[in-house]
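Right, one structure below, let's go through it.
The values are calculated or read from the model by the stated rules, or taken from the named source; none is laboratory data. Note that the structure is a prediction, hence the values are computed from the model and not measured. Note: ideal-geometry Cβ built from the backbone for every residue, glycine included; neighbour counts use all protein chains shown. These accessible areas exclude ligands, DNA and RNA; they are computed on the full protein's heavy atoms, side chains included. Shrake-Rupley method; radii C 1.70, N 1.55, O 1.52, S 1.80 Å.
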Amino acid sequence: MIKNVDLVTIPVSDQKRALAFYTEKLGFTVFTDKPFNDKQRWIELKIGGAQTKVVLFTPPGQEDRVGGFTGLTLACDDLEATHAELSARGV
């Protein structure tokens, strides 16, 4: 049966910029980064020891999803400390 959520896709218009934000600002690490087609890469990011990975990818024909609602909730141990750290990084 189902054990966990493996991937959550976040539609992005600029993969390079999104990758920089999620790695440099939020501290995610690259799990997979390889060409998908001549226009996009398949980029999977990991968050610490979490099982779920985030994918920065927009399927062809789904460009209208970029900048729309993404049902993603992130958890942390100390909200105030996390807020302070992310604010210091410019988030």
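Any idea how many residues of the range 31-58 are touching a residue at least 40 places away in the same chain (Cβ under 8 Å) and either outside any strand (DSSP E or B) or hydrophobic (A, V, I, L, M, F, W, C) (or both)? Please lay out each step first, then the result.
Step one: of the range 31-58, the residues touching a residue at least 40 places away in the same chain (Cβ under 8 Å) are 51-58.
Filter once more, keeping what is either outside any strand (DSSP E or B) or hydrophobic (A, V, I, L, M, F, W, C) (or both): 51-52, 54-58.
Of the residues in that region, 7 qualify.
The single condition from (1) at pLDDT below 95; (2) open to solvent by 50 Å² or more (accessible area, probe 1.4 Å) that residue 30 fails is (1). Residue count for the range 79-91 satisfying the condition of being open to solvent by less than 80 Å² (accessible area, probe 1.4 Å) and either touching an Asp or Glu at 6+ places or on another chain (Cβ under 6 Å) or free of Cβ contacts under 8 Å to residues at least 12 places away in the same chain (or both): 4. How about the range 11-27: which of its residues are under 16 Å from residue 65 (Cβ atoms) and either touching a strand residue (DSSP E or B) at 6+ places or on another chain (Cβ under 6 Å) or open to solvent by 40 Å² or more (accessible area, probe 1.4 Å) (or both)? The answer is 12, 13, 14, 15, 18.
Would you call residue 74 under 12 Å from the mean Cα position of the chain (by Cα), of a type outside the set (Asp, Glu), exposed (fewer than 11 other Cβ atoms within 10 Å of the Cβ) and at negative phi? So residue 74 passes the test.
Applying the criterion of being under 13 Å from the mean Cα position of the chain (by Cα) and within 11 Å of residue 11 (Cβ to Cβ) to the residues of the range 42-65, the residue that is surrounded by the most Cβ atoms within 10 Å (Cβ to Cβ) is 56.
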